Amino acid sequence: MTMAEPKTKYDRQLRIWGDQGQAALEKASICLLNCGPTGSETLKNLVLGGIGSITVIDGSKVELGDLGNNFMVDDSSIGQSKAKCVCAFLQELNDAVKAKFIEEFPETLIASNPSFFSQFTLVVATQLMEDSMIKLDRICREANVMLVFARSYGLTGLVRISVKEHTVIESKPDHFLEDLRLNNPWPELRRFADSIDLNVTDPIAHKHTPYVVILVKMAEEWTKNHSGSLPSTREEKKEFKDLLKAKMIAMDEDNYKEAIEASFKVFGSKGISSELQQIINDSCAEVDSNSSDFWVMVAALKEFISNEGGGEAPLEGTIPDMTSSTELYVNLQTIYQAKAEADFLVIEKHVRNILKKIGRNPDSIKKSTVKSFCKNARKIKICRYRLIEDEYNNPFLPQLQKYLTDEDYSIAMGFYILLRAVDRFAANYNSFPGQFDGGMDEDISRLKTTAVGLLSDLGCNGSTLTEDLINEMCRFGAAELHAVAAFIGGIASQEVIKLITKQFVPMSATYIFNGIDHKSQLLTL
């Protein structure tokens, strides 16, 4: 393969997660447990995206019924190993991916060879029952392997991530206020604003003063007249905007219109967000020789905020487009970039000192990593996931009860309980409710009893689920419908990509798909 080929091959996705993200995908090895439609659809998306290697584990043979819900097997596959057929199909989709298969039932592997899983970056476990999920979760935690559960069941499905801790530098939020420091300008920005006269008589110059300068100057003027404080009440904010309006000398002054629209950036509170405060106060920010690079950088950030930063995070250093003369815009850009660079150098020094202090090579964190961390410091995120065993054995009871009674959430919660109840049912009766013809009424009453028993074990005595939902669950008969499986596979593969590229924020709770009402919800248990 020539060097140019991957660039063109993955062109569109490179625009989303860049070279580093793509490199992380190409280094990753994924293990898939069960290659029914849910597992196959998840892997298909990852193979097309250029994941490094896949290992498909499934002990079943292809049956006639599989042809109706899995595009990756056909007539010629009947009677053959499902893992082999699906693996061959996936390999055809992208010859750059290393693909192999193992004919083995995942449950057997989990029980007999737990160390097998430690070779992978991430395990995608589909269609597993509760006891196997719990065992696998413990195995992957100990081996520090990321784990994503996915399951389709009739018209419902679930996706759940399990990782001890996942840290994100490039969280890429949709809406985030740019870092302009209009309410807390540093000396250079203040000096620059001071050098510009807002009452300039030349109309061209007047309408080409950038709004950043207008707001810095007006905010300073306001604080002088209001004993050092910025507008906070509704009346004060209105008054501040009226002052800006009064400065306009013509109707077509876009820079003043931009200033009025952006005035809320002056009213924001100074300093860091409560979310960032929580991260720097986390016990992990007290670093030692076992700390990850991320926490070393957080420790450096903490020192910076309380010392050189004066309560603020490092400046990002970019400014948005605005109406301005070219000269003033370029000068402004230079001031922001210089401050961001200076902040970065200070943080980098802290990082090197901390590494030295904890006995690690002071150059072990790349300059580019520290730079990216500084640029995104206000947006860093931490996701922690409970062990699935903890969630199953002692969920947050108030939350659980709230979901059961909240009409917005009760169906998603009902499905969550029933997905667990059908596993109990199967353990007791050796088949899923409604899986075989006949005995539907008996299955419905058995499933109801099982669900009520599960609810009381969880501490929700006297709670029940609607008859309709229990009937539906039995009607599903544990079928993996292709449309639902493809949807669940799409969600699961998207989460896998977030985890591997360490970009965007993965789901922090149990995702439930309700195909009856076409609703997706997250349950925090």
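Set the Förster distance to 30 Å, then compute FRET efficiency between Trp186 and Glu239 from the Cβ-Cβ distance, nearest 0.05.
The calculated FRET efficiency here is 0.65.
Think of it as helices only: each DSSP H run of n ≥ 4 in the chain is worth -39500 (n - 2.57), and spread over all residues that comes to -16000 deg cm²/dmol at 222 nm. Which Cα, out of Asn225, Ser273, Ser195, lies furthest along the positive dipole direction of the range 174-304 (beta carbon charges, K/R +1, D/E -1)? Toward the positive end, the furthest listed residue is Asn225.
Each eigenvalue of the Cα gyration tensor of the chain, multiplied by 5 and square-rooted, gives one semi-axis; in descending order these are 52, 28, 23 Å.
Can you spot the aspartates and glutamates whose alpha carbon is less than 16 Å from Lys357's alpha carbon? Ignore those fewer than 8 places along the same chain. In chain and number order, the partners are Glu286, Asp288, Asp293, Glu303, Glu348. Of the cross-linked pairs Lys237/Lys519; Lys237/Lys379; Lys448/Lys519; Lys265/Lys356, those separated by over 31 Å at the C-alpha level are Lys237/Lys519; Lys265/Lys356.
About the centre of its Cα atoms, the chain shows a dipole size close to 1460 debye [charges on the beta carbon of Lys, Arg (+1) and Asp, Glu (-1) only; nearest 20 debye].
Listed by chain and number, the aspartates and glutamates whose alpha-carbon sits under 16 Å from that of Lys270, ignoring those within fewer than 8 places in the same chain, are Glu178, Asp179, Glu220, Glu308, Glu312, Glu316. Local charge sum around Tyr385 (other residues, Cβ-Cβ under 14 Å, Lys/Arg +1, Asp/Glu -1)? With Lys, Arg at +1 and Asp, Glu at -1, the net is +2.
Out of the range 253-352, which GluC sites (Glu not before Pro) are coil in DSSP terms and have no more than 13 other C-beta atoms within 10 Å? Taking the range 253-352 and a limit of 13 other Cβ atoms within 10 Å, the loop GluC sites (Glu not before Pro) found are Glu286. Remark on the range 195-328: ratio of C-alpha radius of gyration to 2.2 N^0.38 Å is 1.38. For the range 37-139, GluC sites (Glu not before Pro) meeting the loop criterion (DSSP other than H, G, I, E, B) and having at most 13 other Cβ atoms within 10 Å: Glu63. Show which lysines lie in cross-link reach of Lys84 when reach means a straight Cα distance below 25 angstrom and same-chain residues fewer than eight apart are skipped. Result set, ordered by chain and number: Lys27, Lys44, Lys61, Lys98, Lys100.
Across the chain, C-alpha contacts under 8 Å between residues 6 or more apart give a mean separation that, scaled by the residue count, equals a relative contact order of 20 percent. Would you mind getting the Kirkwood hydrodynamic radius of the range 381-525 from its Cα pairs, rounded to one decimal in Å? The Cα-based Kirkwood calculation yields 16.4 Å. Of interest is the spacing of the C-alpha centroids, which for the range 43-82 and the range 196-227 amounts to 66 Å.
Note on Ala246 and Ser283: the model spin-label points, each 7 Å out from Cα along the C-beta direction, lie 5.6 nm apart. Averaged over residues, the count of other Cβ atoms within 10 Å places the peptides 333-339, 376-382 in the sequence 376-382, 333-339, highest first.
Computed from the coordinates by the stated procedures, all read-outs in this text should not be read as laboratory data. Since this is a predicted model, take the numbers as computed values, not measurements. As a convention, Cβ positions derive from the backbone with ideal geometry for all residues, glycine included, and neighbour counts pool all protein chains shown.
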